[in-house]
Every structure is written in structure tokens, then in C-alpha cells.
Amino acid sequence: MNQVHLNEEQLQDYAITGITDPSVVQHLTGCARCQVQVKAYQTLYSYIREAKTPILDFKAEELIPDRLPAINKEDSKEAWYLYGFLFGAIGLLTAGAVVFWGSIRWIFTGIVPWAIIIGFVLFSGLLMVQLMELYNTYRKKLRALNME
Amino acid sequence: MDGDRHAATLLVRRTEKLVAQIVFKMLGNHPDRKDLTQDIYLKTFRYLPRFRFQCKLSTWVAQISYTTCLDHLQKYRLELITISTGDELSLGNTCSQEISGDIPDASQLLSIKERSEILEKLSTTLPPVYRTLITLFHKEELSVEEIRDITGLPVGTVKNYLFRARKVLKESLLNHYSKEDL
Ligand SMILES: [Zn+2]
């Protein structure tokens with residue numbers, strides 16, 4: 001048997017996780033002293049876990065002020081305005097292009113179709129990345145507010 | 001506006017347990033405890049627009065609770081983190097190798113109330129910051145990183161304080177049971 005007693009850190013970790021090296025387990029099996037120490041830590045942890053949660057001696061809800069300040073709504077408002085403007089502009093341009101296709105098709109003469117496709121894919125990609133970022137920020141805020 | 005009120009009520013309901021834990025552990029039976037808790041919630045609502053979503057809202061409220069208590073204790077120059085050497089030494093000496101090893105069996109017979117009382121008694125040897133850290137980690141099951149966010153202490157310091165606090169409490173527990181057994 002490994003004759004060296006477990007150090008305090010090993011005792012604490014083992015009492016929390018129950019995981020340790022095989023040599024430590026072997027020592028523990030044969031050492032009453034270390035067993036007592038581990039049991040003491042386990043007992044302590046269970047006492048803390050089971051301890052009664054203190055209760056506030058007043059109703060905290062009554063402290064909520066009548067006029068509540070908003071939580072950073074300006075940031076998200078700005079972002080949504082920006083995207084609204086962007087999509088509005090894209091929509092208008094597309095509608096204009098469809099209506100006035102006859103007058104503007106000269107712009108695209110001479111540009112090979114694959115260049116148009118690449119341009120479109122790049123633009124859509126960028127837009128998607130931006131949208132994903134906006135969605136992630138929204139999720140992050142929601143998580144923070146829900147205290148998940 | 002009704003939605004905001006509902007959200008604020010939810011915020012209070014979801015955080016009051018954590019706030020109570022921090023305030024009770026930091027201040028114990030200090031006469032200013034109630035006023036300070038009220039102050040924490042007033043600050044929470046006042047500073048809500050400054051919340052930057054860098055962490056969970058409950059962590060942010062816990063941060064306010066911790067710093068408010070810390071400021072208060074510092075104002076009264078109370079000992080925050082030092083475990084008196086005398087205590088540690090005397091407790092260290094009672095690390096009785098002769099203890100029979102039936103602590104858990106004996107404690108199984110105790111009610112939760114009795115166990116809470118024993119823990120309360122043992123915790124008096126700990127400074128407020130240690131008591132709070134132990135509760136946040138073992139009772140509220142927060143991670144070391146979350147505790148770092150709440151207290152502003154580096155992860156290494158949090159781990160070190162937890163280690164020392166557990167050791168002192170364990171020695172006190174062994175001491176308590178050896179006395180009981182005698
Ligand atoms: Zn041993």
C-alpha cells in the first residue's frame with residue numbers, strides 16, 4: 001500500500017468528485033485516518049448543501065419603483081432600425097429593378113453571368129453573417145435576462 | 001410598463017435567494033442587514049440601464065450585493081478575509097487521527113435544522129468573504145468563474161480561499177464531533 005497520506009487538496013477534491021488516482025484509492029482503502037478526513041469533508045459538504053436558505057425579512061418586490069428605467073433598449077432599437085432601413089432599401093431597389101428592367105438592363109450588358117452570381121452570393125453571405133450576429137446578440141440578452 | 005413591472009418582479013423573485021445568501025453570509029446578524037438589502041435592490045433598479053449583458057442578470061445582481069456588503073464591512077473596518085492564526089492552529093491541532101470515523105453515521109441522525117445549527121456555529125470561525133464563497137460554491141453550486149464575476153477576485157484567489165475555508169470548517173467539524181463523543 002502507498003504509505004503517504006493524502007494531502008488536503010486530494011482529500012477535498014476526492015470528497016467532491018469521488019475521482020482520484022488508483023494508487024490514492026488503494027491507500028484510502030487501507031488508511032483509516034484518510035477515510036475519516038474524506039468522511040469529514042463529505043459530511044461538511046452535505047451540511048452546506050442542506051443548510052436552510054436564509055429568507056429576507058421584508059418583501060423585496062415592494063421596492064420596485066413606480067417608474068422603471070429601461071434596460072439598454074437603445075442599442076437593440078438602433079440595430080433593428082438599421083436592418084429595417086437596409087431591407088427597405090434592398091426591397092425598393094429590387095422593385096425598381098423589376099419595374100424599370102427595360103431601362104436599366106444596359107448596366108448589366110458586358111458583365112458575365114457568373115460575376116453577377118458571385119456578387120449576389122457574396123452579398124447574401126455578408127447579410128446572413130450580420131443577421132446571425134444580430135440573432136446571437138438577441139439570444140445572449142434573452143439568456144442574461146432569463147438568468148438561464 | 002406593465003411588462004417592465006412584471007419583469008422586475010420576476011427579477012426580484014429569481015434573485016432574492018441569492019441576494020439573501022450573500023447578505024446573510026457577509027453581514028451575519030449585523031443590525032444594518034435589512035437596510036443594506038433594500039439598498040441592493042434600489043441600486044439594482046437604478047443601475048439597470050447600465051447592465052451590459054456581459055453576464056447573467058442574476059450574477060450582476062449578486063455582484064451589486066457583494067460589493068455593497070463589502071463596502072459596508074470596509075466602512076466598519078471589519079475583518080474580511082483573515083483567519084486568525086490562533087484559530088487555525090488550535091483547530092489544526094485537533095485534526096485527531098484517533099477519531100473513530102463515525103461522524104457521518106452520527107450526523108445522519110440529526111435533523112436538517114440541527115445540522116444547519118452546527119454549520120452555523122462552525123462558520124463563525126470564518127471571515128465573511130470565506131463564508132460567502134463557501135456558500136456560493138457548495139450551496140448555490142456556482143462555478144469558480146461565476147464567483148470570480150461576482151466578487152471580482154481572480155480565479156486562483158477564489159480557489160485558494162475555498163481551499164482554506166473548507167480546511168478550517170473540516171477541522172472544526174472534526175473538533176465538534178470529537179468533543180461530542182467525549
Ligand atoms: Zn492515509
Filtered residues of the range B:1-38 (kept if in contact (Cβ under 8 Å) with a residue 24 or more places away in the chain and of a type in the set (A, V, I, L, M, F, W, C)) | B:Ala8, B:Leu11, B:Val12, B:Leu18, B:Val19, B:Ile22, B:Val23, B:Met26, B:Leu27, B:Leu36
Would you mind stating whether B:Asp39 is out of contact with any helix residue (DSSP H, G or I) (no Cβ under 8 Å at 6 or more places or on another chain) and either surrounded by fewer than 19 Cβ atoms within 10 Å (Cβ to Cβ) or not assigned by TED's automatic domain parsing to the domain that holds B:Thr124 (or both)?
-> no
Of (1) more than 9 Å from chain A (Cβ to nearest Cβ); (2) modelled with pLDDT under 95; (3) part of a helix (DSSP H, G or I), B:Leu126 satisfies every one except (3)
List pairs: first in the range A:29-50 and facing chain B (nearest Cβ under 7 Å) and among the acidic types (Asp, Glu), second assigned to a helix (DSSP H, G or I) and within 8 Å of the ligand (Cβ to nearest atom), Cβ under 6 Å, 6+ apart or cross-chain?
-> none
In the range B:25-63, which residue that is closer than 15 Å to A:Ala60 by Cα and of a type in the set (A, V, I, L, M, F, W, C) is nearest to the chain's Cα centre (by Cα)?
-> B:Ala62
Among helices (runs of 4 or more DSSP H) entirely within the range B:38-110, at least 1 residues that are within 7 Å of chain A (Cβ to nearest Cβ) and at pLDDT below 65 occur in B:103-108
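The values are calculated or read from the model by the stated rules, or taken from the named source; none is laboratory data. What you are looking at is a predicted structure, and each value in this text was computed from that prediction instead of being measured. Positions of Cβ are generated from backbone atoms using ideal geometry, with glycine treated the same way; all protein chains shown enter the neighbour counts.
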